[in-house]
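Written out below as structure tokens is the structure these notes cover.
The values are calculated or read from the model by the stated rules, or taken from the named source; none is laboratory data. The structure displayed is predicted, hence computed values, not measured ones. Ideal geometry is used to build each Cβ from the backbone, glycine not excepted, and the neighbour counts take in all protein chains shown. Just so you know, the surface numbers come from the protein's heavy atoms only, side chains and all, with ligands and any DNA or RNA stripped out. Shrake-Rupley method; radii C 1.70, N 1.55, O 1.52, S 1.80 Å.
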Amino acid sequence: MTAPMETTGPQAGAPPEAVLEGVKSKQIEGRSLGRIAWNRFKRDRMAVTGGVVVILLVLVAVLSRPLQAMLGLDPNAFQQDLVDPNTSLPKGGFGGMSWDHPLGVDPKFGRDILARILEGSWVSLVVAFGATVLSNVIGVVLGLVAGYYGGRVDTVISRLMDTFLAFPLLLFAIAISATLQGGAFGLEGLPLHISVLIFVIGFFNWPYMARIVRGQTLALREREFIDASRGMGARGPYILFRELLPNLVGPITVYATLLIPTNIIFEASLSFLGVGIQPPQASWGGMLREAVAFFEVDPQFMLVPGLAIFITVLAFNLLGDGLRDALDPRSR
């Protein structure tokens with residue numbers, strides 16, 4: 001037989017209550033799921049960097065007009081004296097960069113590129129966020145209904161998803177945007193262009209969110225807390241939006257964060273093709289379209305909007321990856 005281990009220290013032989021009294025409250029403080037996810041997230045340096053850049057981009061977009069006024073910038077002001085009349089290229093090196101125009105000016109018109117980047121930032125983010133909200137609302141509602149009710153409801157919604165996914169989205173978006181350029185629904189000009197882009201991009205992207213929500217709902221609807229809600233007489237809408245939806249906030253947030261950069265690229269692509277935001281309104285895709293004719297002799301004009309799109313998309317992707325790892329560590 002082995003001798004019992006001896007306990008040493010000031011609390012040796014003390015009852016459990018005495019031991020607990022000697023432990024500081026912070027040492028046994030419980031942490032919520034949100035606190036645990038935040039601790040995981042802030043340990044990911046790339047995700048934190050992406051989040052900081054996203055916050056800065058959103059602030060720049062929101063304060064775009066005040067920043068332009070403070071710096072004395074006008075995105076549509078022609079400055080022909082900054083352009084060589086013989087070549088239509090900016091005077092000076094690096095696309096006309098100077099203290100007054102730190103990112104240079106565009107060929108032909110001499111418009112300040114910094115002002116046009118600031119002006120285009122809010123357009124891209126408004127379209128991207130608006131389309132993401134629209135696709136998420138439709139996708140979440142239909143995904144919840146399909147996953148919870150199942151049967152014929154699930155079959156109909158699933159076939160509807162397959163139908164939308166079969167659409168050649170880019171060609172369909174080009175056709176709709178080109179058709180509605182003149183005016184529609186009492187709107188015209190920039191409000192019309194932004195509304196059309198939000199509708200086209202958001203309305204045809206909802207099946208991706210719906211599939212994710214449907215799959216998660218199929219797993220959650222058999223859990224004990226759902227059975228308990230049914231047993232207490234809760235009806236379908238209550239279970240969908242008060243029981244299931246709060247448990248899907250994590251996946252929805254992650255996918256929405258990853259969908260925003262996709263929508264930014266989509267908006268830039270449509271503007272690049274000439275069926276998105278129309279001039280003279282500045283947009284990153286439109287600036288790339290104008291730079292095509294000059295990229296061999298003035299690469300600065302193409303480099304700046306290209307970097308703006310690249311940095312924005314990269315920051316949102318890093319943030320989305322970090323949120324995914326923080327909210328679902330099994331995805332690592």
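Only Cα pairs under 8 Å and at least 6 apart count here; give the relative contact order of the chain as a rounded whole percent.
Normalised by residue count, the contact order of the chain is 23 percent.
Positive contributions from Lys and Arg (+1) and negative ones from Asp and Glu (-1), summed over other residues with Cβ under 15 Å from the Cβ of Arg211, come out at 0. In this rough spin-label picture, where each label sits 7 Å from Cα along the Cβ direction, the Asn39-Val58 distance is 2.5 nm. Descending by average beta-carbon neighbour count within 10 Å, the peptides 82-95, 152-165 line up as 82-95, 152-165, the highest first. Per residue, the range 45-160 exposes an accessible area of 51 Å² to a 1.4 Å probe, with every protein chain left in place.
Once a ≥ b ≥ c are taken as the square roots of the eigenvalues of the Cα gyration tensor of the range 245-330, is the result rounded (a/c under 1.5), prolate (a/b larger than b/c) or oblate (a/b not larger than b/c)?
Details: a/c = 4.80, a/b = 2.32, b/c = 2.07.
Prolate, since a/c reaches 1.5 and a/b exceeds b/c.
Work out which GluC sites (Glu not before Pro) in the chain are exposed loop sites (DSSP not H, G, I, E or B, at most 10 other Cβ within 10 Å) and give the longest gap free of them. In the chain, the maximal stretch lacking such sites is 30-221.
How do the peptides 42-48, 195-201 rank, highest first, by the average count of neighbouring beta carbon atoms within 10 Å per residue? All intermediate terms of the calculation are to be shown ahead of the outcome.
Details: 42-48: 14.6, 195-201: 23.0.
Put in order of decreasing packing, that is 195-201, 42-48.
Between the listed residues Ile264, Gly202, Ile157, the Cα displaced farthest toward the positive end of the dipole of the chain, a dipole computed from Cβ unit charges relative to the Cα centre, is found at Ile157.
Return one whole number: the accessible area per residue of the range 221-332 in Å², for a 1.4 Å probe. Write out the running numbers ahead of the final one.
Working: 5510 Å² over 112 residues.
Value returned for the range 221-332: 49 Å² of accessible area per residue.
Out of the chymotrypsin sites (Phe, Trp or Tyr not before Pro) in the range 99-131, which ones are loop residues according to DSSP with at most 10 other C-beta atoms within 10 Å? Kindly include the intermediate steps, with their values, before the conclusion.
Details: sites: Trp99, Phe109, Trp122, Phe129; in loops: Trp99, Phe109.
Of the chymotrypsin sites (Phe, Trp or Tyr not before Pro), the ones in loops of the range 99-131 whose Cβ has at most 10 other Cβ atoms within 10 Å are Trp99.
Each Lys and Arg contributes +1 and each Asp and Glu -1, all at the Cβ; summed about the Cα centre of the range 135-267, the dipole is approximately 340 debye.
Note down the net charge around Phe109, summing +1 for each Lys or Arg and -1 for each Asp or Glu among other residues with Cβ under 15 Å from its Cβ. Every neighbour counted, the sum reads -3.
If the only charges are +1 at each Lys and Arg Cβ and -1 at each Asp and Glu Cβ, what is the size of the charge dipole of the chain around the Cα centre, to the nearest 20 debye? Kindly include the intermediate steps, with their values, before the conclusion.
Numbers: 26 positive and 26 negative charges, 197 e Å.
My answer is approximately 940 debye.
Over the chain, what percent of the accessible surface lies on carbon and sulfur atoms, probe 1.4 Å?
On the way: 12030 of 18630 Å².
Heavy-atom surface of the chain belonging to carbon and sulfur, 1.4 Å probe: 65 percent.
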